[in-house]
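Inspection log for the structure reproduced underneath, given as structure tokens.
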Amino acid sequence: MSVSENQGFNTRAVHAGQAFEPRTGAVVPPVHFSSTYAQDGIGGLRDGYEYGRGTNPTRDALQEQLAALEGGSHAYSFSSGLAAEDSLIRALTRPGDHIVLGNDAYGGTYRLISRVLGDWGIGNTPVDMADLDAVRKAVAAHKTRFVWVETPSNPLMKITDIEALAAVAHDAGALLVVDNTFASPYLQNPLALGADVVVHSTTKYIGGHSDVVGGAIVVNDAELAEKIGFVQFAVGAVSGPMDAFLTTRGLKTLGVRMDRHSDNGQAVAEWLLERPEVEAVLYPGLPSHPGHELAKKQMKKFGGMVSVQFKGGEAAARTVAENTSVFTLAESLGGIESLMNYPSEMTHASVKGTELAVPVNLIRLSCGIEDVEDLIADLERAFTFLK
Ligand SMILES: *Cc1c(COP(=O)(O)O)cnc(C)c1O
């Protein structure tokens, strides 16, 4: 079946791009591994298919599914989140352009923008995205092409008002790019709030099973789409067929997973809040979180990511990080299994010593879909090592 905009999220997730195969009726469309396509006479393409870097039916199916779930007209799938970001920046900026980004942006995003694209003439200014006056000032000080935000941010879980930020960007003739990796399209749709571009690391919640690396760009504008599509084709950092298939399979269950991730995140955050060893719990689902009301407005639920800071400083954070067993100490997030991360030495090691550095007493939890009693028991046991 084909899907319509008025159908619910889960219906679109299961069916968008997934029409059964017409010859056999196979309910799951086959994975197309072919790198090239036979032509009916020179230039006689079947349905536009010519060569695998340019188009592939399995990737097309994923792109259709991503567009349907983010409420965009076009989506493009890449071999990683950073490959998507690199293609986006190369498609839509030119030397001399500037990017104003959150001062707690994902470390890899900052590294790409500052250390790779900086040498190609792209400037950047990191700012606190919750401070709209500071953003306005930074945007006006340069030839700003992108305002780039993550909300919730990684790993400080700051919430930024997407609608207000879109207005700031548009007033200055810039585009608003939202990295929607943490929320996923189930919890938040930035395009509907005025953003121009959504990027994802599909490695995280969208793939959802920690078994595939990928990225995506979604837009709702034919002109932007054409430029991004050209770079995807001309540079070729595309997702392979098997990666696209795994990502599609994960995406079909995103809604049910996010409901459970959110329930578990909320329960873990509330448990942490009561613990005397804890200095602060950073989770937008807590009424004490400064972005709580805003998150309630622009997100459906609050997700599975919880950051926590310890009174015992770096030593306490490291002790808990190294003494859990249901939570696995590993980079990445958003899979069905719970993960534990010490950002300042792991995911965010690349921003150590910069203004984007993460507090050393902080650990970041990606709450999986296990039974929450087991997650809490695991933390409780790790906390006994703090005495
Ligand atoms: C992981 C991540 C990225 C980078 O994606 P990769 O798939 O690892 O290249 C970008 N932004 C956020 C918020 C991420 O968590």
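The values are calculated or read from the model by the stated rules, or taken from the named source; none is laboratory data. These numbers come from a predicted model, not from an experiment. Positions of Cβ are generated from backbone atoms using ideal geometry, with glycine treated the same way; all protein chains shown enter the neighbour counts.
Is there a residue being buried (at least 21 other Cβ atoms within 10 Å of the Cβ), more than 15 Å from the ligand (Cβ to nearest atom) and not basic (Lys, Arg) anywhere in the stretch 351-359?
no
Please verify whether the stretch 188-202 includes one or more residues that are away from the ligand (no atom under 14 Å from the Cβ), within 20 Å of Gly250 (Cβ to Cβ) and modelled with pLDDT of 95 or more.
Yes, there is a match, as at least one residue in the stretch 188-202 is away from the ligand (no atom under 14 Å from the Cβ), within 20 Å of Gly250 (Cβ to Cβ) and modelled with pLDDT of 95 or more.
In this structure, does Thr125 turn out to be crowded, with 20+ Cβ neighbours inside 10 Å, more than 15 Å from the ligand (Cβ to nearest atom) and under 21 Å from Ala169 (Cβ atoms)?
Against the criterion (crowded, with 20+ Cβ neighbours inside 10 Å, more than 15 Å from the ligand (Cβ to nearest atom) and under 21 Å from Ala169 (Cβ atoms)), Thr125 does not qualify.
To keep it simple, each residue is scored yes or no on (1) free of Cβ contacts under 8 Å to residues at least 60 places away in the same chain; (2) more than 25 Å from Asp128 (Cα to Cα); (3) in contact with a Gly (Cβ under 9 Å, 6 or more places away or on another chain).
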| position | (1), (2), (3) |
| --- | --- |
| Ala316 | no, yes, no |
| Phe327 | yes, yes, yes |
| Glu337 | no, yes, yes |
| Pro343 | no, no, yes |
| Met346 | yes, no, no |
| Ile376 | no, yes, no |
| Leu379 | no, yes, no |
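Do we find a residue being free of Cβ contacts under 8 Å to residues at least 40 places away in the same chain, of a type in the set (S, T, N, Q) and either assigned by TED's automatic domain parsing to the domain that holds Asn220 or in contact with a Lys or Arg (Cβ under 6 Å, 6 or more places away or on another chain) (or both) anywhere in the stretch 38-52?
Yes, the stretch 38-52 has at least one match.
Among Tyr110, Tyr76, which is out of contact with any Lys or Arg (no Cβ under 6 Å at 6 or more places or on another chain), within 12 Å of the ligand (Cβ to nearest atom) and in contact (Cβ under 8 Å) with a residue 40 or more places away in the chain?
None of the others qualify; the one that does is Tyr110.
State all residues of the stretch 76-88 that are touching a helix residue (DSSP H, G or I) at 6+ places or on another chain (Cβ under 7 Å) and crowded, with 24+ Cβ neighbours inside 10 Å; if no residue qualifies, say none.
Selection gives Tyr76, Ser77, Phe78, Glu85, Ser87, Leu88.
Being touching a residue at least 40 places away in the same chain (Cβ under 8 Å) and more than 17 Å from Glu355 (Cα to Cα) is the filter here, so list the residues in the stretch 114-150 that pass it. Step through it out loud before you land on a result.
Kept after step one, since they are touching a residue at least 40 places away in the same chain (Cβ under 8 Å), are these residues of the stretch 114-150: 126, 130, 142-150.
His142, Lys143, Thr144, Arg145, Phe146, Val147, listed by residue number.
Name the residue, out of Val231, Val219, that is touching a Lys or Arg at 6+ places or on another chain (Cβ under 6 Å) and either touching a residue at least 40 places away in the same chain (Cβ under 8 Å) or buried (at least 19 other Cβ atoms within 10 Å of the Cβ) (or both).
Only one candidate passes the filter, namely Val231.
Exactly one of these conditions fails for Val281: (1) part of a helix (DSSP H, G or I); (2) in contact with a strand residue (DSSP E or B) (Cβ under 9 Å, 6 or more places away or on another chain). Give me its number.
Of everything listed in (1) part of a helix (DSSP H, G or I); (2) in contact with a strand residue (DSSP E or B) (Cβ under 9 Å, 6 or more places away or on another chain), Val281 misses just condition (1).
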